[in-house]
Amino acid sequence: MNLENSRKLFQEAQRYLPGGVDSPVRAFKAVGGTPLFITRGEGSRIFDVDGNEFIDYVCSWGPLILGHSHPQVVEALKHAVEQGTTFGAPTELELTLARMVSAAMPSLEMLRFVNSGTEATMSALRLARAFTGRDKVVKFAGGYHGHADGLLVKAGSGLATLSLPDSLGVPASYARNTLVAPYNNSEAVAQLFQRYPSEIAAVIVEPVAANMGVVPPQPGFLDDLRRLTSDYGALLIFDEVITGFRAAYGGAQGVFGITPDLTCLGKIIGGGLPVGAYGGKREIMEMIAPTGPVYQAGTLSGNPLAMTAGIETLKALNQPEVYPRLEKAAVQLEKGIVETASSLNLKINVSRFASLLTIFFTATPPVDYESAFGADTALFSKFFHGLLAEGIYWPPSQFEAAFISLAHTDEDIRYTIEAIGRVLKGLQN
Ligand SMILES: *Cc1c(COP(=O)(O)O)cnc(C)c1O
């Protein structure tokens with residue numbers, strides 16, 4: 001495969017942009033090689049600066065559930081851009097999208113739009129702390145909630161020890177207020193509540209973990225979190241930045257029938273433009289300025305272009321045939337991979353939830369960070385590059401989800417299964 005132009009651009013980009021990118025995973029560090037510079041996307045396909053074409057399973061890491069350049073979104077954006085790109089004043093578009101989100105997820109009685117998932121989680125935590133008058137929060141190892149200081153925290157060795165910053169530049173004093181438990185382990189969360197019964201403001205969780213690869217919640221885990229947070233007067237925050245409008249139209253909370261106190265959204269609700277949102281119970285949300293004393297603002301928040309892309313995306317998703325179609329494509333892919341792997345006697349685990357899928361190079365299906373990180377990442381890198389040569393753009397890290405969109409056709413899925421078969425076969429030798 002010719003990557004000459006990408007190589008040149010990557011060289012030059014590294015002079016001006018740290019690592020040549022604006023978000024680390026794009027640099028292919030986990031798998032090695034040259035990241036592709038993309039010029040165009042259409043449906044399930046992306047095209048790079050060397051004229052290569054790929055079936056895309058990154059889909060911008062989740063927002064593009066309709067695929068690239070969806071005609072309905074593009075048309076609406078063309079119209080919107082002619083009306084002006086930003087006003088710093090209210091528009092009806094914000095109300096429209098807020099109504100749609102609230103109708104899909106009734107736990108969001110009110111919401112506030114921001115510009116990214118990071119902003120949403122950061123603001124939701126501030127609000128939770130204000131509402132409860134408490135400082136500590138619980139997160140799960142391997143859970144990703146954006147890059148706010150207090151969330152870039154990892155577990156110390158053993159629950160009894162203090163949490164540690166997971167990045168330079170995060171003050172240890174911030175990290176101390178973040179407690180880390182293993183995913184799918186509500187007993188560990190119960191112990192944290194016993195230890196700090198009146199200090200924990202909130203538990204923040206990806207209801208389906210998708211940032212250590214896809215790791216679904218085990219039966220009862222989310223119910224336990226709901227019960228524990230209620231018992232101890234803490235808030236339950238669902239980070240549905242990925243799962244919102246992905247697990248189902250009503251998010252993971254709809255699938256599992258759990259009502260969180262606050263929900264964070266992003267990705268799909270922006271339809272490919274920068275949007276985040278956080279929302280929940282009215283009495284909590286009314287603590288935000290200007291109705292309440294919790295400050296949070298944004299020059300471009302509720303941006304008319306971003307709202308437009310979000311509205312059109314949700315409109316397209318709110319059709320009865322949509323989620324069954326996504327599920328069918330994802331199941332087809334999962335089955336195909338599982339069958340291929342077992343015919344080759346290869347130990348891999350396909351972890352899938354709705355249209356999110358990870359192929360783990362592990363002996364057993366991961367249930368938490370520790371078991372996920374036992375994966376054979378060297379083998380994954382070979383797998384990734386093998387797929388790239390087959391014209392498939394798979395997420396360039398073992399610990400990310402592949403995203404299936406409505407634009408992926410039966411033929412795309414069939415081709416992908418065959419290509420995966422060829423690549424896995426090559427790995428055996
Ligand atoms: C992507 C992601 C975020 C951060 O969103 P950004 O828009 O990248 O800031 C937060 N939480 C989860 C679960 C995510 O997947």
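The values are calculated or read from the model by the stated rules, or taken from the named source; none is laboratory data. Keep in mind that this is a model prediction, so the values were computed, not measured. Note: ideal-geometry Cβ built from the backbone for every residue, glycine included; neighbour counts use all protein chains shown.
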Checklist entry - When region 137-180 is examined, which residues are found to be closer than 19 Å to Y278 by Cα and part of a strand (DSSP E or B)? => result V137, V138, K139
Checklist outcome for this item: Out of (1) touching a Lys or Arg at 6+ places or on another chain (Cβ under 9 Å); (2) among the aliphatic types (A, V, I, L, M); (3) in contact (Cβ under 8 Å) with a residue 24 or more places away in the chain, the one L162 does not meet is (3)
Item to check | Looking only at region 171-216, and only at residues there that are small (G, A, S), in contact with a helix residue (DSSP H, G or I) (Cβ under 6 Å, 6 or more places away or on another chain) and closer than 16 Å to L151 by Cα, the one that is farthest from the ligand (Cβ to nearest atom) | outcome: A201
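Any residue that is part of a loop (DSSP other than H, G, I, E, B), within 16 Å of the ligand (Cβ to nearest atom) and at positive phi - is there at least one of those in region 52-66? Even if it seems obvious, please write down each step before you answer.
Start the filter on region 52-66 by keeping residues that are part of a loop (DSSP other than H, G, I, E, B), which leaves 52, 57-58, 62-66.
Imposing the further condition that a residue be within 16 Å of the ligand (Cβ to nearest atom) reduces the set to 57-58, 62-65.
Narrowing further to those that are at positive phi: 62.
The answer is yes, given that some residue of region 52-66 is part of a loop (DSSP other than H, G, I, E, B), within 16 Å of the ligand (Cβ to nearest atom) and at positive phi.
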Checklist entry - Which ones in region 355-402 are buried (at least 21 other Cβ atoms within 10 Å of the Cβ), part of a loop (DSSP other than H, G, I, E, B) and under 16 Å from the mean Cα position of the chain (by Cα)? => result S355, W394, P395, P396, Q398, F399, E400, A401
Checklist entry - When only residues in region 92-119 that are among the small types (G, A, S) and within 19 Å of the chain's Cα centre (by Cα) count, which is surrounded by the most Cβ atoms within 10 Å (Cβ to Cβ)? => result G117
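Let's see how each residue does on (1) farther than 22 Å from H68 by Cβ; (2) within 16 Å of the ligand (Cβ to nearest atom); (3) modelled with pLDDT of 95 or more:
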residue	(1), (2), (3)
A234	yes, no, yes
E240	yes, yes, yes
I268	no, yes, yes
V275	no, yes, yes
I284	yes, no, yes
I288	yes, no, yes
A306	no, yes, yes
K328	no, no, yes
Next on the checklist: Which count do you get for residues in region 244-266 that are within 12 Å of the ligand (Cβ to nearest atom) and without any contact (Cβ under 8 Å) to a residue 60 or more places away in the chain?
Outcome noted: 1
Checklist entry - Can you find a residue in region 217-224 that is under 20 Å from T358 (Cβ atoms), assigned to a loop (DSSP other than H, G, I, E, B) and within 14 Å of the ligand (Cβ to nearest atom)? => result yes
Next on the checklist: Considering only region 80-88, I want to know if a residue exists there that is over 30 Å from L127 (Cα atoms), surrounded by fewer than 17 Cβ atoms within 10 Å (Cβ to Cβ) and in the same structural domain as F361 (by TED's automatic domain parsing).
Outcome noted: no
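Test R26 against the criterion of being more than 26 Å from G213 (Cβ to Cβ) and either within 16 Å of the ligand (Cβ to nearest atom) or part of a strand (DSSP E or B) (or both), and give yes or no.
Numbers: more than 26 Å from G213 (Cβ to Cβ): no; either within 16 Å of the ligand (Cβ to nearest atom) or part of a strand (DSSP E or B) (or both): yes.
No; evaluated as a whole, the condition is false for this residue.
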